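Everything on this sheet refers to the single structure shown next.
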Amino acid sequence: MAARSSILKSTRSVATGSRSVLARRSYATPATGTTVSFGLSDDQRAIQELAQNFTRETIMPVAAEYDRTMAYPWPVLKEAHRLGLMNTHVPAEYGGPELPLMDCALISEAVAYGCTGIQTAMEANGLAEAPLIVAASHETKMKYLGRMSEEPLMASYCVTEPGAGSDVANIKTKAEKKGDQWVINGSKMCTNSGHANWFFVLAVTDAAASPSKRMTGFVVDADTPGITLGKKEVNMGQRASDTRMVTFQDVVVPAENVLGSPGEGFKIAMKAFDITRPLVAAAATGLAQRALEEAVKYAQDRKTMGQAIINHQGVAFLLADMAIAAEAARALVWKAAWAKDAGERNTFYASMAKAFAGKAAVDNANNAVQVFGGAGYSSELPVEKLYRDSKIFEICEYSVGTAQIQRLIVSRHLSSLYPA
């Protein structure tokens, strides 16, 4: 029970110089009877406040500069690690805070409010760690998850390929068994890859098997001979994150670094998405909320025709739509996170949250630029960056699938939910 005690005295832990303020597990306030509550527990409010303060004090003052220079935000990441805001999924047994998904979503939204590029760098760690949490042996978890809690290290999720994004079943990277080792050959396009300590790699191990059984997941140390890193990609947005090609040429991996059993890689990757999709949606919600607040504040200050533009119905309706979108996105994120924490399969809700929140981010960023008018087109003001950062949430983002893939997943649940 001690490992499951709530996180209290968070702020006090920071003040006393503790390495991590999220050292123990937190739970939402238990539901009573049939009451539905959107209230946060005291522990969750403390976590949310910690993440919001970190964002306001550490991320927002430097976000524009990291976007301009495209430098990797190591100082920010190190501070996030010190506060315990990274690797939040890692079980307590391996040195992590083992936070419920709901708590993790609160952190993701708060950090993304300041900069989704920095949030992507932080949460990409969680994506790489998720398959290990789902399927790795105790020894592998101890070796790779344990080190993430000990020092500020990065990891990378290597699934996407130049010719295979949302179509995970079509990957071409192969791994062949040779004695008691595996040899990997292929190329991936990954976030955090230029700074990763290790990679999760999905590779084809039995080309003759069905798509769901032909792949195997591996943990690969980044310093293994045969790994070559490409140039950092210059992306439209989220430029503080690091995306680049990783080439594996005759990379030898010991059999002990296989996750689960050979052929289970696809299943493991899909289970990991149930953890990570709600958090990508939470990040999109954070951007949607930031766009809303920037637009509302500007609309109160900017005057035309003798009054603040927020009083003009055309602008007021835009702002109302933005508020509706942000609130609805948050509700879907919380539902997906709640389902996972309750021990339910949350795939249906996770895809709903990802699809809706991604659109909310894009629409709110677009509307924010519209409210700002010509000023919004300038890189001197924050909504221009929000506009560029938002689009990835509908395209890919950590390889958890396009908006269309999310709709496909949702649609495939409907017949069983509502049989004729």
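The values are calculated or read from the model by the stated rules, or taken from the named source; none is laboratory data. A quick note: this is a predicted structure, and the numbers were derived from the prediction, not measured. Neighbour counts run over all protein chains shown; Cβ positions are idealised from the backbone, glycine included. SASA here: full protein model, heavy atoms, side chains in, ligands and nucleic acids out. Shrake-Rupley method; radii C 1.70, N 1.55, O 1.52, S 1.80 Å.
Assorted remarks:
- Scanning segment 50-62 turns up one or more residues that are aliphatic (A, V, I, L, M), over 16 Å from Asn125 (Cα atoms), surrounded by fewer than 21 Cβ atoms within 10 Å (Cβ to Cβ) and at pLDDT 95 or above.
- Just one of the numbered conditions (1) open to solvent by 50 Å² or more (accessible area, probe 1.4 Å); (2) under 21 Å from Gln44 (Cα atoms) is not true of Val280: (1).
- Of all residues in segment 350-365, those that are on the phi < 0 side of the Ramachandran plot and part of a helix (DSSP H, G or I) have Cβ atoms under 7 Å from Cβ atoms of residues that are of a type in the set (Phe, Trp, Tyr) and open to solvent by 10 Å² or more (accessible area, probe 1.4 Å), 6 or more apart or on another chain, in Ala365/Tyr387.
- Any hit, segment 305-312, residues being of a type in the set (A, V, I, L, M, F, W, C), open to solvent by 20 Å² or more (accessible area, probe 1.4 Å) and at pLDDT below 95: yes
- Residue within segment 199-218 that is surrounded by 24 or more Cβ atoms within 10 Å (Cβ to Cβ), over 15 Å from Gly260 (Cα atoms) and in contact (Cβ under 8 Å) with a residue 12 or more places away in the chain present: yes
- Residue tally, condition open to solvent by 10 Å² or more (accessible area, probe 1.4 Å), among the hydrophobic types (A, V, I, L, M, F, W, C) and in contact with a Leu (Cβ under 7 Å, 6 or more places away or on another chain), over segment 91-106: 1
- Test: residue in segment 343-366 that is open to solvent by 70 Å² or more (accessible area, probe 1.4 Å), among the aliphatic types (A, V, I, L, M) and closer than 23 Å to Ser108 by Cα: no
- Lys231 vs. criteria part of a loop (DSSP other than H, G, I, E, B) and either surrounded by fewer than 23 Cβ atoms within 10 Å (Cβ to Cβ) or modelled with pLDDT under 95 (or both): no
- Unique match (being open to solvent by less than 10 Å² (accessible area, probe 1.4 Å) and in a helix (DSSP H, G or I)) among Ala269, Ala240: Ala269
- Taken as a whole, segment 158-178 holds no residue that is small (Gly, Ala, Ser), surrounded by fewer than 20 Cβ atoms within 10 Å (Cβ to Cβ) and either at pLDDT 95 or above or touching a strand residue (DSSP E or B) at 6+ places or on another chain (Cβ under 7 Å) (or both).
- Cβ separations smaller than 8 Å between residues 6+ apart or across chains give the following pairs from segment 142-163 residues that are among the β-branched types (Val, Ile, Thr) to residues that are in a loop (DSSP other than H, G, I, E, B) and open to solvent by 20 Å² or more (accessible area, probe 1.4 Å): Thr160/Cys396.
- In the set (1) in contact (Cβ under 8 Å) with a residue 60 or more places away in the chain; (2) open to solvent by 50 Å² or more (accessible area, probe 1.4 Å); (3) under 28 Å from Gly96 (Cβ atoms), Gln181 fails one condition alone, (3).
- Within segment 114-125, not a single residue is farther than 22 Å from Ile395 by Cα and either open to solvent by 10 Å² or more (accessible area, probe 1.4 Å) or in contact with a helix residue (DSSP H, G or I) (Cβ under 9 Å, 6 or more places away or on another chain) (or both).
- Being open to solvent by 10 Å² or more (accessible area, probe 1.4 Å), in contact (Cβ under 8 Å) with a residue 60 or more places away in the chain and within 30 Å of Val159 (Cα to Cα) is a description that applies to Ile275.
- Here is the figure for segment 170-212: residues that are on the phi < 0 side of the Ramachandran plot and within 26 Å of the chain's Cα centre (by Cα) total 23.
- Residue match in segment 251-261 (condition: open to solvent by 10 Å² or more (accessible area, probe 1.4 Å), within 15 Å of Gly114 (Cα to Cα) and touching a residue at least 60 places away in the same chain (Cβ under 8 Å)): no
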